[in-house]
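Have a look at the structure below, then the notes.
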Amino acid sequence: MSRLATATIHLGALRHNLACVREQAAGARVMAVIKADAYGHGLERVARALSDADAFGVAAIADGLRLRAAGHRQRIVVLSGPDSPADLAEMRRLNLDAVIHHDSQLAWLAADADPRPLRVWLKVDSGMHRLGFPAARVAQVHAQLAAMSNVDDEIVLMTHFAASDEFENPLTHAQIEQFEQAVAGLPGPRALSNSAGVLGWPGARGDWVRVGGLLYGLSVVEGKTGADFGYRPAMTLRTRLIAVNELKKGERVGYAATWAAPEDMRIGVAAIGYGDGYPRSAGSGTPVRIRGVDSAIVGRVSMDLITLDLRDVPDAEVGDEVTLWSANLPAERIAAAAGSISYELTCGMTRRVLFVEDDA
């Protein structure tokens, strides 16, 4: 039953979105971030579609191994760098770039006897206060790295924005200024912008942009979809009705009986649930589409099933396709109803979902 849940990955949309990023990046090189199994879209298939990217960004060395095994030869950047001294040898073997953000990593590099130069990205904490060296220490850390014979001569200087999706938020202005002060006079390319930075902060293009969500046609800008900025969603999630039932007014539906029929009506039961990755927090009223008509969830999402209001789809029957998100029903709408973001929805797809590809 669960195999009725199908995620179609649109390879043409991925390519279109990369072209849009390049246009907006104004000449900056593009790192395609494909961590978390390419935001749930499938690491290898997305890397194949985005093979023109200048680099790939991943969260784990294991992802770099998969990409190299698939034949990809561009730069691959491990965004949190080595997690132990032993990681340095594997990163060199796979020719991976390392983001260096902490003193422990500096110590591992200094103690490493392998003479082969490792490409590194020096992360500056400009105000997010998650990973990175404080601005006051950046020149000193850069000098330490530059003096190491086992570090490549080109050190990329990078930071990460905390609120770039809020285009009027002064924090991003402050972060840009903090970063520029920290790296003033230091050699090396600059990398500042994530997806929202590309959209809303043209002064922060730098030499590299580091883009994730936009490549998948997703937006985290409140009240906006990726399509609002010219990007196409790269995933369509569908399933089918497996039952159509009659309810009397007042009869209740699903676990905890949280929803009661306001009148005599029909409900549909569709084969998808939180076991497939559909958010359990999506409550009654969360939109779906059946036969091209807007409908909505009623009652609680369960592990394998959702129940749907069929009053506006009177001819619905078993076997009809149910669209959970698509170009016509943006994932951002579902995320808003579930109190989440679109990134979490696509990342949450489980192995029960059948993945297929098309070139659209």
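Of note:
Residues checked against (1) part of a loop (DSSP other than H, G, I, E, B); (2) free of Cβ contacts under 8 Å to residues at least 40 places away in the same chain; (3) more than 28 Å from Gly42 (Cα to Cα); (4) small (Gly, Ala, Ser):
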position: Asp304; (1), (2), (3), (4): yes, no, no, no
position: Leu308; (1), (2), (3), (4): no, no, yes, no
position: Glu317; (1), (2), (3), (4): yes, no, yes, no
position: Asn328; (1), (2), (3), (4): yes, yes, no, no
position: Gly339; (1), (2), (3), (4): yes, no, no, yes
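- For Glu332, the conditions (1) open to solvent by 30 Å² or more (accessible area, probe 1.4 Å); (2) within 20 Å of Arg232 (Cβ to Cβ); (3) touching a residue at least 40 places away in the same chain (Cβ under 8 Å) all hold with the exception of (1).
- Scanning the stretch 261-285 for residues that are within 18 Å of Ala7 (Cβ to Cβ) and either open to solvent by less than 10 Å² (accessible area, probe 1.4 Å) or touching a strand residue (DSSP E or B) at 6+ places or on another chain (Cβ under 6 Å) (or both) yields Ala270, Ala271, Ile272, Gly273, Asp276, Tyr278, Ala282.
- Only listed residue being within 20 Å of Gly42 (Cβ to Cβ) and in contact (Cβ under 8 Å) with a residue 40 or more places away in the chain, chosen from Thr350, Thr286: Thr350
- Filter result for the condition that a residue is surrounded by fewer than 24 Cβ atoms within 10 Å (Cβ to Cβ), at pLDDT 95 or above and over 28 Å from Ile76 (Cβ atoms), over Glu246, Glu222: Glu246
- Filtered residues of the stretch 93-127 (kept if within 21 Å of Gly57 (Cα to Cα) and of a type in the set (Ser, Thr, Tyr)): Ser126
- Test for Ala60: is it out of contact with any Leu (no Cβ under 8 Å at 6 or more places or on another chain) and within 23 Å of Glu344 (Cβ to Cβ): yes
- Helices (runs of 4 or more DSSP H) lying entirely in the stretch 25-105 (those with 2 or more residues that are open to solvent by 10 Å² or more (accessible area, probe 1.4 Å) and closer than 30 Å to Gly200 by Cα): 35-39, 43-49
The values are calculated or read from the model by the stated rules, or taken from the named source; none is laboratory data. As the structure is a prediction and not an experimental result, all values here were calculated from the model. A quick note on method: Cβ atoms are made from the backbone with ideal geometry, for glycine too, and the neighbour counts reach across all protein chains shown. Only protein heavy atoms, including side chains, enter the accessible area calculation; ligands, DNA and RNA are left aside. Shrake-Rupley method; radii C 1.70, N 1.55, O 1.52, S 1.80 Å.
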